[in-house]
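K.L.:
My questions will all concern the structure given below.
No lab work stands behind these numbers, since they all come straight from the coordinates. Note that the structure is predicted; figures quoted are calculated from it, not measured. Using ideal geometry, Cβ is built from the backbone for each residue, glycine included, and neighbour counts are taken over all protein chains shown.
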Amino acid sequence: MYPYGEAEGDQKTPKDDDGTSPEIPASEPFRFFGKLRNSFYVNNNGMMSFDKPVPEYTPKPIPLTDGRAFVAPYWGDVNNKLGGHVWYRQTKDPAILDRISKDMKKHYPDSHFIADWALIATWDHVAYFGSASNKRNTFQCVLTKDKKGSSYAILNYGDIQWTTGTASGGHPKTGLGGTAAQAGFNTGDNKNYYSIPGSRSAHILNIINTSNVEVPGRWVFRVDNFTVTGVPEELQKLIPPVEEEPEPSEEEEPEPSEEEEPEPSEEEEQQTHEEEPQTHEEEPQTHEEEPQTHEEEPQTHEEEPQTHEEEPQTHEEEPQTHEEEPQTHEEEPQTPKEEPQIPEEEPPAPVEEPPAPVEKPTASVEEEPEGSSVEQEPEDSFEEEDSDEYYYDDEDCD
């Protein structure tokens, strides 16, 4: 990472959740995919945007087609109130620019890039929203250009310990889970963009070990025109579990092939013809086994036609479960509403109010006799008939 902090003359963004820096006028225009950008924003939530800030804390998948242009080293729900600082500065320091130029020469040996300006933003040991731990992230975004109009974005990763804030589904103690951080860049035109592999998943935690320039923890993009370089093997290292998933499928395929190979030991042509009907015979057997499983289910219900009758009943029971769920949701807001009614105001006139809400749910239940038969059997004679049917179903279920 390049030097940063107060000793380098950096400025800090405010200690504000989902906050951003004030508009940063560019001392020199920066070309970003054919457009000259004259202002920047350093957003606390892990991105550098052009023309306007981006306050969203839950990362969205790249590409975004709403016109927003940004470079996101690690777009996640940062809360610098709980820890860390977000530094930024524009620089023409010859020592810094010389170091950037040498790095670019290593990454692109055929390049004649000589940096003449840079904007360096650093998220230094920043915490995540809802953090109940000491986990911190440190990463950096560098925009740099030369006099010929070439421009690059350099993403450096020092230490990555969390991926998600609690408002995005992360765990307060681990900072993992939910919608994880997004890394890459977006132009807003749905044509020029790049999402670093592993973004918005748990694999983004391994970004410190990956690279497209053979330097672990560094990604470099030419952004005056879209260019992404890198060894495919390095990109694949980011998502090891994805490679493990096809392996079982590949192992399952050779197993039947290995079983078939010992059989055709005498003559391949004849046995292949014999194996084909065998495979066809095995397929219906599998189909026969499937209906047997279906037959076992109706045996518990004692008759096939009853299963057809029970199927709609099961479908009827499903909406009951769905009806019970909204009732639970309705009860939740009702409980806070009932809390102010509890303070002994019931003995006066409000005593007559509780029966009124009791009648409303019964009326609503009468509109749906299925739920009423389950919850309130003795109230109506019509519901008793439905309840008999449900008792009949219970015997079937037994």
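K.L.:
Starting from the alpha-carbon convex hull of segment 163-227, give the projected area averaged over all orientations, in nm².
P.N.:
Averaging across all directions leaves 5.1 nm² for the Cα convex hull.
K.L.:
Once each part is reduced to its C-alpha centroid, what is the distance from segment 154-183 to segment 65-129 in angstrom?
P.N.:
Going from one Cα centre to the other spans 19 Å.
K.L.:
Here's another thing I want to ask about it. In straight Cα distance, which lysines are under 21 Å from Lys191, not counting same-chain residues fewer than 8 positions off?
P.N.:
Lys35, Lys52, Lys60
K.L.:
In addition: Report the gain in length on full extension from Lys148 to Lys35: 0.36 nm times residue separation, minus Cα-Cα distance, nm rounded to one decimal.
P.N.:
39.2 nm
K.L.:
If you take every residue apart from Asp17 with its C-beta less than 10 Å away from the C-beta of Asp17, what net charge results, scoring Lys and Arg +1 and Asp and Glu -1?
P.N.:
-1
K.L.:
Roughly speaking, what is the stretch gain from His171 to Lys12, that is 0.36 nm per residue apart minus the C-alpha to C-alpha distance, in nm to one decimal?
P.N.:
Values: separation 159, 0.36 × 159 = 57.24 nm, distance 2.77 nm.
Contour length minus Cα-Cα distance gives 54.5 nm.
K.L.:
How big is the C-alpha Rg of segment 6-243 next to the rule-of-thumb value 2.2 N^0.38 Å, as a ratio?
P.N.:
0.94
K.L.:
Moving on to the next point. Separation between the Asp66 and Val215 pseudo-spin-labels, each 7 Å from Cα along Cα→Cβ, expressed in nm?
P.N.:
Taking the simple label geometry, Asp66 and Val215 are separated by 3.4 nm.
K.L.:
For a quick check: with amide H placed at 1.01 Å from N, whose amide H comes under 5 Å from Phe33's, ignoring anything fewer than 5 positions away on the same chain?
P.N.:
When sequence neighbours closer than 5 places are left aside, the close amide H contacts are Asp224, Asn225.
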